[in-house]
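The values are calculated or read from the model by the stated rules, or taken from the named source; none is laboratory data. Just so it is clear, the model here is predicted, and its values are computed rather than measured. Counting neighbours? That spans all protein chains shown, and the Cβs are built from the backbone with ideal geometry, glycine included.
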């Protein structure tokens with residue numbers, strides 16, 4: 001009996017040591033993205049304006065890094081909080097921990113180098129070497145043309161200082177270890193010319209993060225054969241479960257019967273002032289789609305997205321957009 005007990009204890013010690021060794025290795029060896037690059041930002045008026053457009057209407061950085069008014073349709077950013085951060089993403093939203101959107105005004109990132117900001121945006125690693133949870137869509141931003149990334153950085157550095165410091169993210173086990181293995185080196189694309197509408201649309205669709213919401217996932221992995229097919233559950237406390245639409249060209253359940261004009265009109269009709277004046281009662285449908293921000297997207301960009309979406313494989317997938325909280 002003593003021999004069996006010693007064998008059991010020995011096995012436990014081996015398992016504990018293996019787990020401890022694995023933990024130490026992951027914490028010391030990851031993330032593997034290399035140092036922040038050396039970058040120089042021109043910061044001229046044209047570059048800053050392009051960055052403003054991207055950050056507010058394409059990559060929609062301000063969607064998460066501002067306070068959003070969830071009592072209004074599409075939760076538009078609260079005026080004056082742009083870049084201040086503070087939005088909380090936690091277990092109530094179905095996430096494995098508590099994550100605060102960072103302050104990305106000069107108050108929060110003013111001491112970072114331009115390379116630090118670029119690495120965080122495109123590789124998911126902060127200036128101190130710690131990983132970001134991929135609710136920050138750095139896997140999509142990884143493909144930003146460096147000219148676009150530099151423009152966004154130039155714009156962010158011109159934002160007024162905003163107050164707001166927040167706790168570091170606190171992730172549940174084992175995500176606190178897994179998150180260290182997710183960042184990867186940037187894989188920049190060259191922004192295609194608008195004359196190649198489909199290729200340009202693919203690029204704009206990528207950096208807009210459309211797939212991050214409109215492709216259903218299982219434990220962070222996109223479901224095979226479901227690209228842009230919609231239906232992923234997003235929990236909104238006090239509201240219910242909302243699900244993004246099927247954006248594939250399926251004629252029955254997707255955008256197959258939509259014309260280009262219908263698609264463009266859907267976005268441009270989402271007037272920001274109207275959204276701010278449209279209250280949503282507790283328990284009624286709301287959306288995580290930042291319509292008020294995408295409403296300002298240039299028409300050529302919207303037409304390019306439509307052109308690209310018409311080329312993706314059609315997936316028959318009916319989506320129930322809203323299940324009220326019981």
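So is residue 231 assigned to a loop (DSSP other than H, G, I, E, B), crowded, with 19+ Cβ neighbours inside 10 Å and in the same structural domain as residue 325 (by TED's automatic domain parsing) or not?
Details: assigned to a loop (DSSP other than H, G, I, E, B): yes; crowded, with 19+ Cβ neighbours inside 10 Å: yes; in the same structural domain as residue 325 (by TED's automatic domain parsing): yes.
Yes.
Scanning the stretch 236-251 for residues that are modelled with pLDDT of 90 or more and either more than 18 Å from residue 322 (Cβ to Cβ) or in a loop (DSSP other than H, G, I, E, B) (or both) returns 243, 244, 245, 246, 247, 248, 249, 250, 251.
For the stretch 155-163, indicate whether the set of residues that are in a loop (DSSP other than H, G, I, E, B), within 20 Å of residue 34 (Cα to Cα) and either outside the structural domain of residue 51 (by TED's automatic domain parsing) or in contact (Cβ under 8 Å) with a residue 40 or more places away in the chain (or both) is non-empty. Write out each step before concluding.
Filtering the stretch 155-163 down to residues in a loop (DSSP other than H, G, I, E, B) leaves 157-163.
Of the ones still in play, those that are also within 20 Å of residue 34 (Cα to Cα) are none.
No.
With respect to residue 193, determine if the residue is farther than 17 Å from residue 314 by Cβ, in a helix (DSSP H, G or I) and out of contact with any strand residue (DSSP E or B) (no Cβ under 6 Å at 6 or more places or on another chain). No: the conditions fail for residue 193. Looking across the stretch 110-135, just one residue is touching a strand residue (DSSP E or B) at 6+ places or on another chain (Cβ under 7 Å) and at positive phi, and that is 124. Go through (1) at pLDDT 95 or above; (2) in a helix (DSSP H, G or I); (3) exposed (fewer than 15 other Cβ atoms within 10 Å of the Cβ) one by one and return the number of the condition residue 51 breaks. Of (1) at pLDDT 95 or above; (2) in a helix (DSSP H, G or I); (3) exposed (fewer than 15 other Cβ atoms within 10 Å of the Cβ), only one is false for residue 51: (3).
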